[in-house]
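Notes to accompany the following structure.
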Amino acid sequence: MIETIYIEENLLNHPRVQEIVARFPEARRIPCGRYGEVFNPKAQNFRLQKQRPALILAEKFKNFVLPTPSGYGIGARRNYYFSHMLNCLYDCRYCFLQGMYPSAHYVLFVNYEDFQQDIRRIAEAHRDEAVHFFSGYDCDSLALEPVTGFAAHFLPFFAEVPNAWLELRTKSTQIRTLLAREPLPRCVVAFSLSPEQISEKLEHRAPSLQKRLDAIGKLQEQGWPVGLRFDPLIFQSDYQNQYRRFFGQVFAHIDPKRLHSVSLGAFRLPEQYFKKAQKLYPDEKLFAGPMQLKEGMIGYERSLEKDMLAYCGDLLSNYITAEQFFPCAA
């Protein structure tokens with residue numbers, strides 16, 4: 001899977017780095033000064049690199065934890081995100097990462113303890129209330145778990161911080177680390193889901209809808225809090241029938257009473273990211289849909305977006321409570 005590994009020179013003897021490279025004995029190992037030397041140069045071809053991404057092992061020095069964008073949350077007043085990794089194993093055509101980064105290589109920041117120190121600092125500063133921390137904003141939280149050991153390192157840490165909640169956002173079925181331990185009540189395993197017809201067209205390399213539903217069932221059976229993320233909604237001419245059947249399929253396989261939260265959002269990308277993605281994939285029908293520029297974001301025409309969100313929200317109300325529902329405001 002990984003043919004080339006770049007390693008920052010100061011990390012060559014780091015125990016976590018040595019553990020990771022040992023998994024890929026045939027991979028080329030190339031030292032570098034800083035990961036930006038490989039990741040940041042302009043004129044890289046994201047689409048081409050996505051065929052054989054390299055792994056870059058790096059150290060992060062600042063901005064470990066950041067406030068989430070406005071409207072991003074599942075019930076807490078204080079919401080933050082952190083990115084132990086940049087880029088994703090999967091290749092979803094609607095993903096903002098393809099417009100955000102110049103490179104498709106994976107960057108893994110191995111200094112987990114520095115992230116944890118910042119998370120603890122923020123949580124202790126607001127110890128009288130729940131503080132939510134979101135992973136999976138710039139990557140998939142679990143897709144490379146066998147390589148990164150991310151969840152294995154962070155779940156015990158979050159268990160020790162009584163007011164800190166963790167969301168693991170994923171499309172992955174890599175749940176062995178979770179099933180091997182007692183459920184953490186303050187960890188929400190949030191699965192991004194789309195109708196099968198859309199997933200097959202746009203969510204390249206991601207597990208099928210049925211495999212994700214099977215993973216959700218196993219987690220619910222063991223007692224893990226699970227979230228459903230129906231984001232982004234994708235317009236097709238028969239979207240009403242499509243999403244009605246989709247929600248029926250989803251809730252036939254899982255227990256809605258044991259869901260922590262459900263969120264809903266329409267397709268949208270910052271204008272600059274949209275144009276870059278459109279240039280990368282000029283034949284992609286998604287980018288030729290009924291789009292409109294709104295406050296720097298390109299998404300569906302306002303009336304269509306409103307209709308889609310209202311229709312799907314009404315469908316979801318047949319399965320979940322208002323307290324479980326968190327429509328995306330941005």
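The values are calculated or read from the model by the stated rules, or taken from the named source; none is laboratory data. Here the structure is a predicted model, which means the values were calculated and not measured. Ideal geometry is used to build each Cβ from the backbone, glycine not excepted, and the neighbour counts take in all protein chains shown. In case anyone asks, the SASA skips ligands and DNA or RNA and just uses the protein heavy atoms, side chains included. Shrake-Rupley method; radii C 1.70, N 1.55, O 1.52, S 1.80 Å.
So the values come out like this:
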item	result
Trypsin sites (Lys or Arg not before Pro) within the stretch 21-50, DSSP loop, no more than 13 other Cβ atoms inside 10 Å	R23, K42
Point-to-point label distance, E182-E19, nm (Cα→Cβ direction, 7 Å offset)	2.2
Mean separation of Cα contacts under 8 Å (6+ apart) over length of the stretch 117-269, as relative contact order %	20
Solvent-accessible area, 1.4 Å probe, carbon plus sulfur percent, for the stretch 1-118	49
Residue-averaged 222 nm ellipticity for the chain, from DSSP H runs of 4+ at -39500 (n - 2.57), nearest 500	-9500 deg cm²/dmol
Fully extended contour minus Cα-Cα distance, from K275 to Q210, at 0.36 nm per residue	20.2 nm
Debye intensity ratio in log₁₀ form over the Cα atoms of the stretch 206-330, taken at each q of 0.23 Å⁻¹	-1.35
Answer label, with Cα extents along the principal axes in Å calculated from the coordinates and candidates (i) 55, 47, 34; (ii) 69, 55, 36; (iii) 59, 44, 38	(i)
Loop sites in the stretch 50-157: GluC sites (Glu not before Pro), DSSP, at most 16 other Cβ within 10 Å	E59, E129
Net lengthening on full extension, K201/E221 (0.36 nm per residue, minus Cα-Cα)	4.2 nm
Förster radius 35 Å - calculated FRET efficiency between I30 and E295, Cβ distance, rounded to 0.05	0.25
Longest to shortest principal axis, alpha-carbon extents of the stretch 137-238, angstrom	49, 27, 26
Loop sites in the stretch 57-119: trypsin sites (Lys or Arg not before Pro), DSSP, at most 12 other Cβ within 10 Å	K62, R77
For the chain, Cys with no neighbouring Cys Cβ under 4.7 Å	C32, C88, C139, C187, C312, C328
Charge dipole of the stretch 172-252 about the Cα centre (unit charges at C-beta), most positive-ward option of G227, F246, L179	L179
Estimated dipole of the stretch 241-330 in Debye, rounded to 20 [Cβ of Lys and Arg +1, of Asp and Glu -1, Cα centre]	160
Approximate shape of the stretch 73-183 as ellipsoid semi-axes (Cα gyration tensor, √5λ), whole Å, largest first	24, 17, 13
Gain in span if fully extended, L48 to E284, counting 0.36 nm per residue against the direct Cα distance	83.4 nm
Probe 1.4 Å, protein heavy atoms only - accessible area per residue of the stretch 223-302 in square angstrom	48
Reachable lysines from K50, criterion Cα separation under 17 angstrom, eight or more residues apart if same chain	K42, K201, K276, K279
